[in-house]
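As structure tokens, the structure follows; a few thoughts come after it.
The values are calculated or read from the model by the stated rules, or taken from the named source; none is laboratory data. Fair warning: this is a prediction, and the values are worked out from it, not measured in the lab. Neighbour counts are summed over all protein chains in view; Cβ atoms, including those assigned to glycine, are modelled from backbone coordinates with ideal geometry. Just so you know, the surface numbers come from the protein's heavy atoms only, side chains and all, with ligands and any DNA or RNA stripped out. Shrake-Rupley method; radii C 1.70, N 1.55, O 1.52, S 1.80 Å.
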Amino acid sequence: MLHVNNISFSYNTTPVLKNIDFTVNEGEYLAVLGESGSGKSTLLKIIYGLLQLKEGTIFWKDNQVLGPDYNLIPGEKYMKYLSQDFDLMPFLTVEENVSQYLSVFYPEELKARTEELLEMVEMTSFAKTKVKLLSGGQQQRVALARVLAQEPELLLLDEPFSHIDNFRKNSLRRRLFGYLKMKKITCIVATHDEKEVLPFADRILVIKDEEIIANEKTETLYNNPKSLYIASLFAEANLVPVSTIKENTDTKKQIVVYAHEFKVSETSGIQVRVINSYAMGSYYLMEGVTEEQSLFFTHPKSIEVGKKVFLNVSLEIINKRIE
Ligand code: ADP
Ligand code: MG
């Protein structure tokens, strides 16, 4: 179990992280979400011991491992870190890059483990290829296999799929997160991609303006985003005054409504005039305007620009968000 205890950090005089405090349980996948520059990479580097902590402490299984008086050599044996710019041995083959890190004694076992890992990252056919000849995405997959080879108890991944094309991302994510759960490896993943988070993460930490603004179970946070910022990390969303979508209410509150939570009606609801239509594949993302604001909603078909339609939100959603 990892406990990050009230850490604050700055590279120079501007604070990057303030009073960051959280726990990751054994076998848990914690996603660290936040926009670019919010300090996700910095946080992972601190945990790995690459940056000197001046304030706060870090405990691993009840032992203090980092803090102001600790000069830990980066890379404690139990943890592995995959940086945003993975470093491989360019002149060695894919196979060699991975097997180099395996701590097994028998050659047959080494071979089997290397094959298993390469299969997981879908790089089997490149086993004998020198890494310098691979694309960025392929190198990233080898780097992933390499950190896994070392069987860490705690894995820190910094945007692990950033260079991998969409074509492969989905299957690779399923394989990786399935593998980590099976091996009960605790992991912290820095990302801004909801597809890496919603189907797999146990918990989500959101960082904004140097601080943690949410630390909740994935489902809870998605279903009840406390702000438009948090909701927007998952999907297109709107902030809507309750008075415009609920009758007989005098609250001044605004609630988050995801674009897909609006139902289009021809007869009643919030009236909007369509100003944009974006094809998203299986649905259309529409933009409409009321007198006061612009609203995003989804619809199975495109709606003509200029047309007036009505939007509705279920009472269940409204009541849940008002709380
Ligand atoms: P993220 O990974 O969320 O995009 P980073 O942790 O990389 O964010 O960066 C957080 C902030 O720290 C940014 O404002 C960035 O410019 C700054 N920063 C990152 N690395 C350094 C560094 N080595 N020296 C000075 N400032 C840095
Ligand atoms: Mg980063």
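The table below lists the values:
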{"quantity": "Viscosity 0.890 mPa s, temperature 25 °C, Stokes-Einstein D of the range 225-264 from Kirkwood C-alpha radius, µm²/s", "calculated": "229"}
{"quantity": "Convex hull (Cα only) mean projected area of the range 1-114, reported in nm² to one decimal", "calculated": "9.4"}
{"quantity": "Qualifying chymotrypsin sites (Phe, Trp or Tyr not before Pro) in the range 249-306, DSSP loop, other Cβ atoms within 10 Å at most 16", "calculated": "TYR283"}
{"quantity": "Selected from HIS3, TYR70, PRO160, residue furthest toward positive end of dipole (the chain; charges at beta carbon)", "calculated": "PRO160"}
{"quantity": "Kirkwood-Stokes translational diffusion coefficient of the chain, alpha-carbon pairs, 37 °C, 0.692 mPa s, µm²/s", "calculated": "148"}
{"quantity": "Positive-end residue, the chain charge dipole about Cα centroid, Cβ charges, pick of GLY27, ALA112, ILE204", "calculated": "ALA112"}
{"quantity": "Cα-only Debye scattering, the range 204-271: base-10 log of I(q)/I(0) at q = 0.12, 0.25 Å⁻¹", "calculated": "-0.39, -1.12"}
{"quantity": "The chain, accessible surface, carbon-and-sulfur percent (1.4 angstrom probe)", "calculated": "49"}
{"quantity": "Cα-based shape type of the range 14-63, given that a ≥ b ≥ c are square roots of the gyration tensor eigenvalues and the cut on a/c is 1.5", "calculated": "oblate"}
{"quantity": "In the range 95-159, the trypsin sites (Lys or Arg not before Pro) that fall in loop regions by DSSP, at most 15 other Cβ within 10 Å", "calculated": "LYS128"}
{"quantity": "Residue-level accessible surface for HIS260, protein heavy atoms, 1.4 Å, Å²", "calculated": "80"}
{"quantity": "Volume per residue that the Cα convex hull of the range 119-167 spans, once the total is divided by residue count, Å³", "calculated": "90"}
{"quantity": "Loop-located trypsin sites (Lys or Arg not before Pro) in the range 1-109 whose Cβ has at most 15 other Cβ within 10 Å (DSSP)", "calculated": "LYS54, LYS61, LYS77"}
{"quantity": "Rg ratio (alpha-carbon, reference 2.2 N^0.38 Å) - the range 48-198", "calculated": "1.09"}
{"quantity": "Principal axis box of the range 274-323, alpha-carbon based, largest edge first, Å", "calculated": "35, 28, 13"}
{"quantity": "The range 191-323: Cα Rg divided by the 2.2 N^0.38 Å rule of thumb", "calculated": "1.11"}
